[in-house]
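Undergrad: If you scroll down you'll find the structure; I have some questions about it.
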Amino acid sequence: MVANVRKSERVLQREASVDGIAGFSRRQKIIRSRLLWAATLAFMAVAAGAVFESVAAYSGLFDACVAALVVTVGLGGIAFRRERRRPVAFEIGQDGLTTWDREGRSQYRQISGCAQWSDRLLALILVSAKGRSEPLLVPADALAGAGVFRELAVRARRCAQEHL
């Protein structure tokens, strides 16, 4: 009797999990990536240091500090603006992606190029209906799971091969 109850519980759990997969939304959230922010901050530090060293050799420490500060603020503003323009969600389509911005507007774009660095980063070239191409960097730590990243990488490579 107990074995039959346990067996029926497992069958019910399996059916519930299948129903959960059938109702699974293809829309995936993109969160802020620690990897990309660390790389951005490292780039800003190297650029500011290079400007500081270059200007200090000719104009002195005060001018070098001002130049390094200007470079840091400028690059930080660009990085912040780019982060605000980054899509917050996407849905994988047959030959492209539908992306959503912070205001909830969606835009369908075809994937025309793809580059993948191991299981960490995916660089996509998305082409809108107007013909404008725009890069999209998708780090693995910005997605819900490794399965989503793998599926996106496979679809992107297939779509990019069609454009060759």
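The values are calculated or read from the model by the stated rules, or taken from the named source; none is laboratory data. Since the structure is predicted, the reported quantities are computational estimates derived from the model, not experimental observations. With ideal geometry, Cβ positions are generated from the backbone for all residues, glycine too; neighbour counts draw on all protein chains shown.
Undergrad: Considering each of ARG120, ARG109 in turn, give the residue that is surrounded by 18 or more Cβ atoms within 10 Å (Cβ to Cβ), of a type in the set (Lys, Arg) and at pLDDT 85 or above.
TA: Values: ARG120 fails: surrounded by 18 or more Cβ atoms within 10 Å (Cβ to Cβ).
Criteria check complete, one pass: ARG109.
Undergrad: So which residues in region 33-46 are surrounded by fewer than 13 Cβ atoms within 10 Å (Cβ to Cβ) and not aliphatic (A, V, I, L, M)?
TA: So in region 33-46, the residues surrounded by fewer than 13 Cβ atoms within 10 Å (Cβ to Cβ) come out as 34, 38, 42-43, 46.
Within region 33-46, ARG34, PHE43 qualify.
Undergrad: Give me the pairs, please: first residue somewhere in region 68-93 and under 21 Å from TYR108 (Cβ atoms), second residue anywhere and of a type in the set (Asp, Glu), beta-carbon distance under 7 Å, and either six or more positions apart or on two chains.
TA: Partner pairs satisfying both residue conditions: PRO87/ASP101; VAL88/ASP101; ILE92/GLU151.
Undergrad: Which of (1) assigned to a helix (DSSP H, G or I); (2) touching a residue at least 24 places away in the same chain (Cβ under 8 Å); (3) not aliphatic (A, V, I, L, M) does GLN161 not meet, given it meets every other one?
TA: GLN161 satisfies all of (1) assigned to a helix (DSSP H, G or I); (2) touching a residue at least 24 places away in the same chain (Cβ under 8 Å); (3) not aliphatic (A, V, I, L, M) except (2).
Undergrad: Next question. Give the residues of region 29-45 that are aromatic (Phe, Trp, Tyr) and under 24 Å from LEU97 (Cα atoms), sorted by residue number. If you could, list the steps in order and put the result at the bottom.
TA: Of region 29-45, the ones aromatic (Phe, Trp, Tyr) are 37, 43.
Result: TRP37, single match.
Undergrad: Now for a separate question. Give just the number: which of (1) touching a Phe, Trp or Tyr at 6+ places or on another chain (Cβ under 7 Å); (2) under 24 Å from ALA38 (Cβ atoms) does PRO139 not satisfy?
TA: The single condition PRO139 does not satisfy is (1).
Undergrad: Select from region 60-95 the residues that are within 30 Å of CYS159 (Cβ to Cβ) and either polar (S, T, N, Q) or touching a helix residue (DSSP H, G or I) at 6+ places or on another chain (Cβ under 7 Å) (or both) and list them in ascending order. Write out each step before concluding.
TA: Step one: filter region 60-95 for residues within 30 Å of CYS159 (Cβ to Cβ), giving 78-79, 81-95.
Answer for region 60-95, where residues must be within 30 Å of CYS159 (Cβ to Cβ) and either polar (S, T, N, Q) or touching a helix residue (DSSP H, G or I) at 6+ places or on another chain (Cβ under 7 Å) (or both): ALA79, ILE92, GLN94, ASP95.
Undergrad: Out of all the residues in region 85-102, is one or more over 21 Å from PRO139 (Cα atoms) and either exposed (fewer than 13 other Cβ atoms within 10 Å of the Cβ) or not assigned by TED's automatic domain parsing to the domain that holds GLY147 (or both)? Before you say what the answer is, go through the steps one by one.
TA: Here is the first cut: in region 85-102, the residues over 21 Å from PRO139 (Cα atoms) are 94.
Keeping just the survivors that are either exposed (fewer than 13 other Cβ atoms within 10 Å of the Cβ) or not assigned by TED's automatic domain parsing to the domain that holds GLY147 (or both) gives 94.
Yes, the conditions are met somewhere in region 85-102.
Undergrad: If a residue must be of a type in the set (Gly, Ala, Ser), buried (at least 20 other Cβ atoms within 10 Å of the Cβ) and under 15 Å from ARG27 (Cα atoms), how many such residues does region 143-161 contain?
TA: Pass one, region 143-161, residues of a type in the set (Gly, Ala, Ser): 144-147, 153, 156, 160.
With buried (at least 20 other Cβ atoms within 10 Å of the Cβ) added as a condition, the list becomes 156.
Of the ones still in play, those that are also under 15 Å from ARG27 (Cα atoms) are none.
Total meeting the criteria: 0.
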